[in-house]
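First the structure, in the form of structure tokens, and then the observations on it.
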């Protein structure tokens, strides 16, 4: 573009030049000026070249074209990949255009071809180009990220797979609360050790009973199950709740874990002796269960086990001593110091009787 023999004042010349510079600020501009004999005449020659992205020192643009068996090195957002031109040009996509000589590519001083995209899902894209199919990620977010990359590289088949998977996930309602049902002791240990959250386990198995139940046992058994369901719905985002229906040790027992270690245990069953035979008694220590559930929340967002915390939250040292407890009455009967308290009380009563007789 050239402007010739315009009758302009010096001020108008400067104003025109500044407007041209502003108008083409997004272009690389070469301007040549020629002042003729008249001071008021301005000749401007402007060559417009599309502006390119800045290239780092040592990087240069080149055209890649070679045999399908030729290997190329790719640096996709810092993620390094090594593959053949045949793989990259197998499907009709932007990668075929880049590696068939139709587009320039940017390479660094070491020969790595630079692609300014996130390399997290580029391995999945390469596998799709190789095989024509690929397992999609489990997370909806990751599928959306893969879809964005497929759109950038114009891989139509992969785009359709991702969009179909996202539509299916929208139709399938995902449950808010999931409670794993243990099938083996090995699976139980794996769940507890791999969980980043505190764990509450309810073991409930009526097949472990050898005797008849007391009158209130069935009702209390249902109350334990109902409380477990309520706690699962309320705290499933903070605690992993698991249910064991095949355990062979107890009929109804709550266990609490932090960082893969058992912190507390509440056993809800005991054997009572009637005049004729033994009975199984199932209790519902609701307050104790709530207490241990609140204690287990102390293990949230901690990097490792805290021995002082474990000792403080282990009620009456039950776990450390290897014993369990049921209700308050059962606990008093099983406490080692209960017999000594009874002897002290009897001694005190004897002293009172002796005092009355003396008077």
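Residues are listed down the side, and each one gets a yes or a no for (1) under 20 Å from the mean Cα position of the chain (by Cα); (2) touching a residue at least 12 places away in the same chain (Cβ under 8 Å); (3) surrounded by 14 or more Cβ atoms within 10 Å (Cβ to Cβ); (4) over 19 Å from residue 70 (Cα atoms):
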residue	(1), (2), (3), (4)
115	no, yes, yes, no
129	no, yes, yes, no
143	yes, yes, yes, yes
150	no, yes, yes, yes
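Among the candidates 86, 66, 32, which residue alone is modelled with pLDDT under 90, out of contact with any strand residue (DSSP E or B) (no Cβ under 7 Å at 6 or more places or on another chain) and either in a strand (DSSP E or B) or surrounded by 12 or more Cβ atoms within 10 Å (Cβ to Cβ) (or both)?
On the way: 86 fails: modelled with pLDDT under 90; 32 fails: out of contact with any strand residue (DSSP E or B) (no Cβ under 7 Å at 6 or more places or on another chain).
The conditions single out 66.
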Which numbered condition in (1) more than 14 Å from residue 166 (Cβ to Cβ); (2) assigned to a helix (DSSP H, G or I) is the only one that residue 118 fails? (2)
Scan 242, 296 and give me the residue that is buried (at least 17 other Cβ atoms within 10 Å of the Cβ), modelled with pLDDT of 90 or more and more than 13 Å from residue 204 (Cβ to Cβ). 296
One residue from 136, 106 being part of a loop (DSSP other than H, G, I, E, B) and over 14 Å from residue 81 (Cα atoms): 136
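The values are calculated or read from the model by the stated rules, or taken from the named source; none is laboratory data. If you're wondering where the values come from, they're calculated on a predicted model, not measured in any experiment. Cβ atoms come from the backbone with ideal geometry, glycine included; neighbour counts cover every protein chain shown.
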